[in-house]
């Protein structure tokens with residue numbers, strides 16, 4: 001028996017209903033095994049307001065913990081097993097720089113509504129709420145982009161340009177109505193030379209994991225697994241998405257694996273997303289269909305959360321010496337507003 005696993009089980013029993021462990025689908029199997037609730041960013045956000053436990057332990061990266069802290073009830077605390085686990089995409093959009101860009105666009109006469117991907121800091125979410133915008137996830141980005149377009153003369157989609165392009169394609173927004181902003185440390189570079197009047201302005205960020213996938217990977221998969229179906233996450237580049245049979249959020253990819261296993265037994269599904277999830281799906285549907293990763297893709301930040309670190313935070317909670325995640329009170333209301341707008345539009 002694993003002593004760490006056993007120790008967690010003992011503490012779980014001791015803490016009882018005072019604890020709820022939540023984990024993102026990209027966590028490793030050892031951590032997911034202890035989670036009461038697992039999901040993608042949207043699923044986790046939807047669950048938080050309905051959790052009764054005094055302590056929520058969020059196994060994921062920092063922005064997920066911040067969102068949970070915003071949505072948690074009075075007196076509830078949120079804890080991260082690894083507070084230093086960050087999202088590399090989130091780091092691509094400092095709040096001070098985003099504010100400068102929004103101010104430049106406003107000064108240019110644009111009524112721009114910001115749409116911030118969940119993979120952003122608390123400060124960016126607060127700025128989004130302040131400017132009348134909302135948060136979105138990969139599962140609801142199409143709905144939220146349509147919502148934002150009705151509220152201004154344009155939208156700035158932050159920070160994932162790939163997801164922004166793929167969602168715009170789904171909504172039928174032509175390429176010549178989009179523009180990836182050129183930005184430096186002070187804001188928009190050489191504004192007169194950029195088509196800032198376009199309907200969709202895209203922040204020049206991307207997921208370092210999904211950006212690794214290349215079109216030739218899809219071609220190689222089809223050559224290796226004859227007749228296979230290929231599905232990828234929409235954080236992949238649009239030139240990859242168009243080569244695939246399907247693209248969708250983490251939750252979509254999970255449903256797609258179950259659908260293929262049920263409706264096409266003996267077939268092969270290749271999935272382009274974080275590898276922990278792909279291997280878990282392969283194990284779950286073994287004997288029904290074959291599931292393979294499109295390529296190696298492990299998120300180094302998600303990997304910082306380990307079973308040992310989960311045990312340590314539970315020990316601290318039991319000993320009443322844990323340090324819950326603190327939310328800047330000046331950011332709380334506008335950041336919460338950006339999240340609740342999403343939940344209201346998409347349904348709790």
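The values are calculated or read from the model by the stated rules, or taken from the named source; none is laboratory data. This is a predicted model, so every value here is computed, not measured. Positions of Cβ are backbone-derived with ideal geometry, glycine not excepted, and every protein chain shown enters the neighbour counts.
Worth pointing out:
- Considering the conditions (1) surrounded by fewer than 21 Cβ atoms within 10 Å (Cβ to Cβ); (2) in a strand (DSSP E or B), residue 146 is excluded by exactly one of them, (2).
- The number of residues in region 216-244 being surrounded by 15 or more Cβ atoms within 10 Å (Cβ to Cβ) and in contact with a helix residue (DSSP H, G or I) (Cβ under 9 Å, 6 or more places away or on another chain) comes to 17.
- Any hit, region 340-347, residues being assigned to a loop (DSSP other than H, G, I, E, B) and either touching a helix residue (DSSP H, G or I) at 6+ places or on another chain (Cβ under 6 Å) or in the same structural domain as residue 141 (by TED's automatic domain parsing) (or both): no
- Some residue of region 212-228 being assigned to a loop (DSSP other than H, G, I, E, B), within 30 Å of residue 151 (Cβ to Cβ) and in contact (Cβ under 8 Å) with a residue 40 or more places away in the chain: no
- Qualifying residue in region 290-299 (condition: farther than 25 Å from residue 207 by Cα and modelled with pLDDT of 95 or more): yes
- Residue in region 211-226 that is within 21 Å of the chain's Cα centre (by Cα), modelled with pLDDT under 95 and within 30 Å of residue 153 (Cα to Cα) present: yes
- Subset of region 180-203 [touching a strand residue (DSSP E or B) at 6+ places or on another chain (Cβ under 9 Å) and farther than 14 Å from residue 238 by Cα]: 181, 182, 189, 194, 195, 196, 197, 198, 199, 200, 201, 203
Yes or no, residue by residue, for (1) touching a strand residue (DSSP E or B) at 6+ places or on another chain (Cβ under 8 Å); (2) closer than 25 Å to residue 65 by Cβ:
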| position | (1), (2) |
| --- | --- |
| 115 | yes, yes |
| 131 | yes, yes |
| 135 | yes, yes |
| 145 | yes, no |
| 150 | no, no |
| 156 | yes, no |
| 170 | no, no |
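Quick grid of which residues meet (1) outside the structural domain of residue 150 (by TED's automatic domain parsing); (2) surrounded by fewer than 18 Cβ atoms within 10 Å (Cβ to Cβ):
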site	(1), (2)
10	yes, yes
26	yes, no
54	yes, yes
78	yes, no
96	no, yes
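- Positions within region 113-143 being surrounded by fewer than 24 Cβ atoms within 10 Å (Cβ to Cβ) and part of a strand (DSSP E or B), in sequence order: 113
- Answer residue from region 296-307, given it is in a loop (DSSP other than H, G, I, E, B) and over 18 Å from the mean Cα position of the chain (by Cα) and is farthest from residue 209 (Cα to Cα) among those: 306
- Among the residues listed as 125, 103, the single one being within 30 Å of residue 195 (Cα to Cα) and within 14 Å of the chain's Cα centre (by Cα): 125
- Considering only residues in region 280-295 that are more than 19 Å from the chain's Cα centre (by Cα) and assigned to a helix (DSSP H, G or I), the one that is surrounded by the fewest Cβ atoms within 10 Å (Cβ to Cβ) turns out to be 283.
- Condition met for residue 201 (in contact with a helix residue (DSSP H, G or I) (Cβ under 9 Å, 6 or more places away or on another chain), farther than 22 Å from residue 169 by Cβ and assigned to a strand (DSSP E or B)): no
- When region 265-278 is filtered for residues that are part of a helix (DSSP H, G or I) and touching a helix residue (DSSP H, G or I) at 6+ places or on another chain (Cβ under 8 Å), the ones remaining, listed by number, are 276, 277.
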